[in-house]
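Data first, discussion second: the structure below is written as structure tokens.
The values are calculated or read from the model by the stated rules, or taken from the named source; none is laboratory data. What you are looking at is a predicted structure, and each value in this text was computed from that prediction instead of being measured. Using ideal geometry, Cβ is built from the backbone for each residue, glycine included, and neighbour counts are taken over all protein chains shown.
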Amino acid sequence: MFIFCTIAGVLCLIYFILLLVYSGLTTVFYFIWLFLSAGFLLTGWLFKIRFFQNLPFPVRLGMILFLSVCLAFFLGVEGMILKGSLTMPKEPQDYVIVLGAHVRSTGPSRALVLRLDKAYEYALEHPDTIIIVSGGQGSNEPCTESSAMKQYLAEKGIGEERILEENQSTNTRENLIFSGELIPEGVSVGIISNGFHICRALHLARTLGYENVSGIPARSDLATQPTNLLREFFAVVKDFWLVR
């Protein structure tokens, strides 16, 4: 266990450094990899000095059972997230909401480009579908996410008459609330986001009254996929617990 924890701690530290090099400090959540690194290294040291081995058996058994339950819960939630990333609607959707993501001074972030490329692909395959680009302007963004998204799709050849803008939202819940105001009743709605985000987006949509709604997963950025899956675990737990 000492060797396992030491290797895990070093890998977490290396991944944290790679994240900073790859995308910069775009979210403070990246620091969780530093905490995980420190936690693994500390645990490895405790194994080395035989701290756990010297604990009373009932204490060790309780710790093992507790960690087993936590691991099973974590894997179960991650399974839900991964299942959502594989869903696709069987029928063409009347409207498609593209959920916003960070916009830099140079344009849409990598995650947002992947969502927009999926929207472009879907729009070409289903010429009657109306596209809603959804996202307001954050304090560290040069423009609204929706305007950058609309410009991206228009430059790729999607007619502007097919693109509706929702430019007030600041999170996924607001994306869906404000976009819903642009959608008539009784139509089918697809939600485009990176695959790891679909599970939570669909849960929120259904709690907000969307009836005929489906997920349309876009690819995820491979380099940031581990941190996105880990962050989404906490987000899913929070939303499934608080939003009903």
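What the table shows:
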read-out: Only one of P127, P142, P89 that is modelled with pLDDT under 95 and not assigned by TED's automatic domain parsing to the domain that holds V187; value: P89
read-out: Matching residues in region 62-97 - criterion: being in contact with a Pro (Cβ under 8 Å, 6 or more places away or on another chain) and among the β-branched types (V, I, T); value: T87
read-out: Answer residue from region 222-234, given it is surrounded by fewer than 16 Cβ atoms within 10 Å (Cβ to Cβ) and within 16 Å of S85 (Cβ to Cβ) and is nearest to the chain's Cα centre (by Cα) among those; value: Q225
read-out: Top-ranked residue in region 184-212 [being within 18 Å of the chain's Cα centre (by Cα) and not in a helix (DSSP H, G or I); ranked as nearest to R110 (Cα to Cα)]; value: N194
read-out: Among the candidates L86, L112, residue that is of a type in the set (A, V, I, L, M) and assigned to a loop (DSSP other than H, G, I, E, B); value: L86
read-out: Unmet requirement for M88, which otherwise passes all of (1) farther than 24 Å from F234 by Cβ; (2) without any contact (Cβ under 8 Å) to a residue 40 or more places away in the chain; (3) not small (G, A, S); value: (2)
read-out: One residue from R162, R104, R110, R115 being crowded, with 21+ Cβ neighbours inside 10 Å and of a type in the set (K, R); value: R115
read-out: Test: residue in region 98-109 that is among the basic types (K, R), in contact (Cβ under 8 Å) with a residue 24 or more places away in the chain, touching a Pro at 6+ places or on another chain (Cβ under 9 Å) and assigned to a helix (DSSP H, G or I); value: no
read-out: From F74, F66, F35, F29, residue being modelled with pLDDT of 95 or more and either within 20 Å of the chain's Cα centre (by Cα) or assigned by TED's automatic domain parsing to the domain that holds S188 (or both); value: F74
read-out: Residue match in region 58-81 (condition: touching a residue at least 24 places away in the same chain (Cβ under 8 Å) and not in a helix (DSSP H, G or I)); value: no
read-out: Any hit, region 141-152, residues being surrounded by 13 or more Cβ atoms within 10 Å (Cβ to Cβ) and free of Cβ contacts under 8 Å to residues at least 12 places away in the same chain; value: yes
read-out: Region 1-52, subset closer than 22 Å to S109 by Cα and among the aromatic types (F, W, Y), residue surrounded by the most Cβ atoms within 10 Å (Cβ to Cβ); value: W33
read-out: Residue that is farthest from L230 (Cα to Cα), among those in region 1-29 that are hydroxyl-bearing (S, T, Y) and in a helix (DSSP H, G or I); value: T6
read-out: Selection from region 123-136 of residues that are surrounded by fewer than 21 Cβ atoms within 10 Å (Cβ to Cβ) and either part of a strand (DSSP E or B) or more than 19 Å from the chain's Cα centre (by Cα) (or both); value: L124, E125, H126, P127, D128, T129, I130
read-out: Filtered residue count, region 70-98, keeping only those that are within 30 Å of P127 (Cβ to Cβ) and either loosely packed, with under 11 Cβ neighbours inside 10 Å or not charged (D, E, K, R) (or both); value: 14
